[in-house]
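A short write-up of the structure that comes next.
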Amino acid sequence: MSSCPLGSDTDTKTDRLSVSATPISDVLNSELSSDYEIYHLDRNPATSQLLRGGGVLIGVKKHLRCKLVPLVNANSLEQVAVCVSLPMQSVYICCVYIRPNSDPLVYSDHASCVQQLCDIAKSTDAVIALGDYNLPMLSWEFDADMHCYIPINASSEQEIVLTQSILACGLQQIQDIRNANDRLLDLAFVSDTDKIELFEPPSGILKLDAHHRPFIVKIDYIRATEDFATVRYYYDYDSCDEAAVHTRLQSLDWATVLADCDVDHAVLRFYDVIFDIIHDCIPIRQRLPRVQFSQPWWTPELRNLRNRLRKVRKRFIKLRSEENKRLLRDMEEFYSSRLNTVFHEYVLRNEANAKRDPSTFWTFVKKLRRNGGIPHDVFLKEARTDSAVAATELFAKFFKSVFSNIHPSHTPDKHRDWLTGIAHYNIYLPHLIVSIEDVKQALSSVDSSKGPGPDSLPPSFIKQFATSLATPVSIIFNRSLDCASMVLIRLVSRCHPVCLKAVI
């Protein structure tokens, strides 16, 4: 069985994928982790004659786009393969467990699956095949020219099939971290040894196993210039020049600005003026995307410890000295201890409040069981896709298939007979006027803690400048009411039995 953490390092952060073998057939994916998408294959009679043990598992951070890769001739293998989509390339990862003394055909089938991944992958993509191959007698020697380990004593049929077939795929073996018995059971085959390297971490993600020491695979991937498009900019309303905004708003003759235009054009002209002032008087800040953590037990202390841990980990990856290794091990142990303590305290609080407030407990349980969010793939009958554009086309195809353009049959003259029986009514429509003071009071009472509406104006800005905004808003409201009154008069006047009396 294998337990090996796999990391993908970038210029600014380290994304981690966990690859392990574990029995989880009766465990929900959300119970294992709320931060990872879990892809696993549980042990079953088709993949193994053993009853103990669990299978293989790959966990991918949820902010990474990932999908399961179906492979041919994989039904009899304890194996799972995924594709992680990065901005300019993809990383194909295959995790496998092959029990001792397996038939050579098992190794051949696994090599066939790895070849399928290599065929799917583009020239810029990375392919990684790793796991417990259970060939302890096979020796590997480092070749400085190829920058990888090559087999030197392949003699058994299993060893020959594995080495010849896997290496024929163009992959190279880079793992030489031996277990407590000085044996090499876990292997890692990669497509590019220049951009992919392997090393041993101070401590593992899971409980350490003397027979399977953990290792990290660091991947230098192509960083797209489009990454910068993910940067978001926003107006920092908290740092606005309040005096300048007031001066600009009060200097405007709104009656002239909004003159000679209907309601729609008045609204557009109003927003044009407001956003010109905002652009001139409010600073623009840059907001970088970041991963959101939604665990209810998460605290600012844990966030701070996690950030410190990431810095220590980056330092160790850059310079793998004994001092950095010790610091990273101590920091990981301390962070893990505090995380367990905070989570345990959260569980105790839930247990204590279960009788008094059971809704809190069940809300958390439902959250763990729910796999919300945008689906990874969409299908319609035989068609299936994981592309956003293709998914919209499938939705359009479905709605088109159920849409009917047949209008309900009716005879207008027959349905107008009811008009003759209507009594005459006098309808009085007063001329409504919204005063500037009413608008000012309404704008001043908005909840500044709420988010912005469709116009992107935050309530805090509206409340802060309610006095200056009251005049143009009242003009627009009154013009809208006048327009609506005229429309209503025209509609009602078409119904001849009704007498309309309006004050305008």
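So with the 1.4 Å probe, I'd like the accessible area per residue for the stretch 79-157, rounded to whole Å².
Accessible area per residue: 42 Å².
To the nearest 0.05, what FRET efficiency results for Ser480 and Lys397 with a Förster distance of 41 Å applied to their C-beta separation?
Once rounded, the FRET efficiency stands at 0.55.
Could you calculate the FRET efficiency of Ser155 with Phe334 from 1/(1 + (r/R0)^6), where r is the beta carbon distance between them and R0 is 41 Å, rounded to 0.05?
Approximately 0.30, to the nearest 0.05.
So for the pair Thr360, Thr124, with labels modelled 7 Å out along Cα→Cβ, what separation do we get in nm?
5.0
Working with all protein chains in place, sort Asp220, Asp272 by solvent-accessible area computed with a 1.4 Å probe, largest first.
These residues rank, largest area first, as Asp272, Asp220.
What fraction of the Cα pairs in the stretch 429-471, stated in percent, has a spacing above 13 angstrom?
Within the stretch 429-471, distances greater than 13 Å cover 55 percent of Cα pairs.
Under a crude label model (7 Å from the Cα following the beta-carbon direction), how far is Ile284 from Phe199 in nanometres?
If labels sit at Ile284 and Phe199, their model points lie 4.1 nm apart.
Go through Lys62/Lys314; Lys207/Lys355; Lys62/Lys207 and tell me which ones have a Cα-Cα distance over 32 Å in this structure.
Lys207/Lys355
In what sequence, highest mean first, do 90-100, 351-361 appear when ranked by Cβ atoms within 10 angstrom?
Highest to lowest by the protection proxy: 90-100, 351-361.
Roughly what % antiparallel, to the nearest 5, for the DSSP beta bridges in the stretch 89-172?
Counting DSSP beta bridges with both partners in the stretch 89-172, the antiparallel share is about 35 percent.
For His63 and Ala243 in one chain, what is 0.36 nm times their gap in residues minus the Cα-Cα distance, to one decimal in nm?
Difference between extended and current length: 60.6 nm.
With a 1.4 Å probe and every protein chain kept in, tell me what percent of the accessible surface of the stretch 79-199 is carbon plus sulfur.
The value for the stretch 79-199 is 47 percent carbon and sulfur by accessible area.
Quick check: convex hull of the Cα atoms in the stretch 257-349, volume per residue, rounded to a whole Å³?
Per residue, the Cα convex hull of the stretch 257-349 comes to 184 Å³.
Ordered by packing density, taken as the mean number of other Cβ atoms within 10 Å over each peptide's residues, highest first, how do 80-89, 125-134 rank?
125-134, 80-89
Might you report the magnitude of the Cβ-based charge dipole of the stretch 124-266 about its Cα centre, with Lys and Arg at +1 and Asp and Glu at -1, to the nearest 20 debye?
About 660 debye.
The values are calculated or read from the model by the stated rules, or taken from the named source; none is laboratory data. The structure presented is a predicted model; accordingly, all values stated were derived computationally and were not measured. We place every Cβ from the backbone using ideal geometry, glycine too, and count neighbours over all the protein chains shown. Keep in mind that these areas ignore ligands, DNA and RNA; they rest on the heavy atoms of the full protein, side chains included. Shrake-Rupley method; radii C 1.70, N 1.55, O 1.52, S 1.80 Å.
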